[in-house]
1. Could you work out the local net charge near I49, counting Lys and Arg as +1, Asp and Glu as -1, over the other residues with Cβ closer than 11 Å to its Cβ?
2. Quick one: putting +1 on the C-beta of Lys and Arg, -1 on the C-beta of Asp and Glu, what dipole do you get for the chain around its Cα centre, in Debye to the nearest 20?
3. Taking the mean number of other Cβ atoms within 10 Å as a proxy for protection, how do you rank 29-42, 255-268 from highest to lowest?
4. Run the reach check for K214 against aspartates and glutamates, Cα to Cα strictly under 19 Å, same-chain hits fewer than 8 apart removed. What comes back?
5. Report the one residue of N42, G217, G279 whose Cα lies farthest in the direction of the positive end of the charge dipole of the chain (charges on C-beta: Lys and Arg +1, Asp and Glu -1; origin at the Cα centre).
6. Using a simple charge model, +1 on the beta-carbon of Lys and Arg, -1 on the beta-carbon of Asp and Glu, nothing else, what dipole does the range 151-277 show about its Cα centre, in debye to the nearest 20?
7. Mind listing the phi-derived Karplus ³J(HN,Hα) values for the range 55-61, rounded to whole Hz, using 6.51, -1.76 and 1.60 with θ = phi - 60°, and x for any glycine or proline?
8. Can you list the HN-Hα couplings for the range 218-227, worked out from phi with the Karplus curve (6.51, -1.76, 1.60; θ = phi - 60°), rounded to whole Hz and with x for Gly and Pro?
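Rule-based calculations on the coordinates, nothing more; no lab input. Nothing here was measured: the structure is a model prediction, and the numbers come from that model. No Cβ is skipped: glycine too gets one built from the backbone with ideal geometry, and neighbour counts run over all protein chains shown.
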Amino acid sequence: MKIIRYKKSNTPQLGVVTSDEKIYDLPYVSLQEVDEEANKENKSLLNFIQEKIVNLNPSSEKLDDLELLVPIEVKEVWAAGVTYQTSRSARNYETTEETSSKTFYDKVYDAKRPELFLKSTIFRTCGPNDVLNLRTDSNWQVPEPELGVVINREGNIIGYLIGNDMSCRDIEGENPLYLPQAKVWKNSCSIGPAILLAEAVEDPYNFDIICRIKRNGENVFEQSANTSQLKRKFDELVYYLLLGNDIFDGTVLLTGTSIVPPNDFTLETDDIIEIEVPGIGTLKNKVEKVS
């Protein structure tokens, strides 16, 4: 069972997509509100929603015809870095520091404490089919396809979605203290297209993630990975996010990438990024360079 938000009569509508692709409109503003009501009735989120749609008629709309929005009214998107071996190798390649000893990326990969950083806020976060921006002061930019966990303020994982943690490899490689500039700028993060409820997932460490980049209608990059390759567990990342930190209901935590385009590849204006996770859907965004 998946949660979506879509534009209906020019206003956001919260909806449920069942396994047979039927869509039911929910009489709530946000998933956070639904989760809160389920907790008040001491019911699981999945059971609460199932009870709510029993007496509802499905929409006549088809999922492919809907104008999907960011699936959750997220105030903050956080991200984890260097959680896959591929990411560790890529970060080491891009750094300009020359050393015979371990780099700081090696140390983070092996450390007890994970790397976590604030990636985006509600006004910087894009949804399905929104346009992502390229920085004008970077010549080496790539998408970072990731599985995201949706959590409430207590740190409980209520669902999974797809995230694109756009990154400037040249800026980050120049100096690790430039990480915020390499990661955070206008329209540098997208999430969607739906939230797969955690209770409907048998094994969250068996999600396939496929990324395709199209240029002039042709595939110029395609690669896949699986969450089984993760170095760290989701609960571990959430635990450290909550240490000494207050979060909002519906916070999204992106869990890292294992898909990295070749070192000579950079995104260009009008490229289209497609990130697919079977069971969740495909997050599609066009990119353009703006000042």
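1. -1
2. Value, rounded to 20: 340 debye.
3. 255-268, 29-42
4. Straight-distance partners of K214: D130, E144, E146, D165, E222, D264, E268, D270, D271, E274, E276, E288.
5. N42
6. For this selection, approximately 220 debye.
7. 9, 9, 8, x, 6, 7, 6
8. So the J values, rounded to whole Hz, are 10, 5, 10, 7, 8, 7, 10, 8, 9, 5.
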